[in-house]
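Structure first, then comments.
The values are calculated or read from the model by the stated rules, or taken from the named source; none is laboratory data. Here the structure is a predicted model, which means the values were calculated and not measured. Quick reminder, even Gly has a Cβ in these numbers, built from the backbone with ideal geometry, and neighbours come from all protein chains shown.
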Amino acid sequence: MLLAFNKPYGVLSQFTPEPGSAWRTLAEFGLPPRAYPVGRLDADSEGLLLLSNERALIDRLLDPRHAHPREYHAQVERIPSPDAIARLAAGGIPLGEHRTLPCRARLLDTPPDFPTRNPPIRFRKNIPDSWLSLELTEGKNRQVRRMTAAIGHPTLRLVRVRIGALTLASLALAPGHSRELTTPERQQLLS
């Protein structure tokens with residue numbers, strides 16, 4: 001079984017709550033038993049999350065040797081310069097003891113059409129925001145947020161829109177909804 005889930009804001013990528021945490025869990029969404037998240041999205045991130053009970057598939061999707069690209073749309077404070085975008089793409093941004101690998105980074109011409117987040121992001125009248133697309137092949141803890149902060153553009157909202165060739169848009173899942181992938185969708189993901 002391989003499920004796609006559109007994870008809403010405020011939900012942990014796990015079924016059991018953290019002691020003392022106000023975040024919700026995957027247990028609230030009627031997902032099948034023995035379905036495990038393939039990777040993670042932080043509670044304050046949204047978008048495409050895969051779940052499976054197939055150990056070999058989970059291992060393949062998480063193995064860095066297979067380098068499954070993951071695309072994120074990040075709403076950031078202010079409008080990054082071309083040099084800042086180039087710095088993201090070039091890699092080498094320090095994340096503790098690790099330096100990021102090169103990635104694809106670009107400024108989106110128009111904001112993506114996502115449902116309004118609840119709660120909404122903070123809005124500052126005098127500080128514009130913009131949307132970036134970042135395609136990574138690695139997944140360090142809070143990597144996109146740490147990368148955008150390193151170039152001086154903190155992330156306000158983060159949505160994973162693609163894993164491999166499988167897109168959130170093609171799945172047409174509302175936040176909080178899931179469905180099993182079809183055979184062609186599985187093939188698309190693994191190609």
>> Looking at (1) among the acidic types (Asp, Glu); (2) in a loop (DSSP other than H, G, I, E, B); (3) outside the structural domain of Pro82 (by TED's automatic domain parsing), which one does Glu185 not meet, given that it meets all the others?
In response: (2)
>> Regarding the range 182-190, can at least one residue be identified that is at pLDDT below 90, surrounded by 14 or more Cβ atoms within 10 Å (Cβ to Cβ) and polar (S, T, N, Q)?
In response: yes
>> Quick check on my filter: what residues within the range 103-129 are surrounded by fewer than 16 Cβ atoms within 10 Å (Cβ to Cβ) and either more than 24 Å from Leu49 (Cα to Cα) or of a type in the set (Ser, Thr, Tyr) (or both)?
In response: Asp109, Thr110, Thr116, Arg122, Phe123, Arg124, Lys125, Asn126, Ile127, Pro128
> Take the residues of the range 70-102 that are touching an Asp or Glu at 6+ places or on another chain (Cβ under 6 Å) and over 14 Å from Thr155 (Cβ atoms): which is surrounded by the most Cβ atoms within 10 Å (Cβ to Cβ)?
Replying inline: Glu71
> Scanning the range 133-181 for residues that are in a loop (DSSP other than H, G, I, E, B) and touching a Pro at 6+ places or on another chain (Cβ under 6 Å), which turns out surrounded by the most Cβ atoms within 10 Å (Cβ to Cβ)?
Replying inline: His153
>> The conditions are (1) surrounded by fewer than 16 Cβ atoms within 10 Å (Cβ to Cβ); (2) touching a Phe, Trp or Tyr at 6+ places or on another chain (Cβ under 8 Å), and Leu49 fails exactly one of them. Which is it?
In response: (1)
>> Filter the range 98-118 down to the residues that are under 16 Å from Pro8 (Cα atoms) and of a type in the set (S, T, N, Q) and list them by number.
In response: Thr116, Asn118
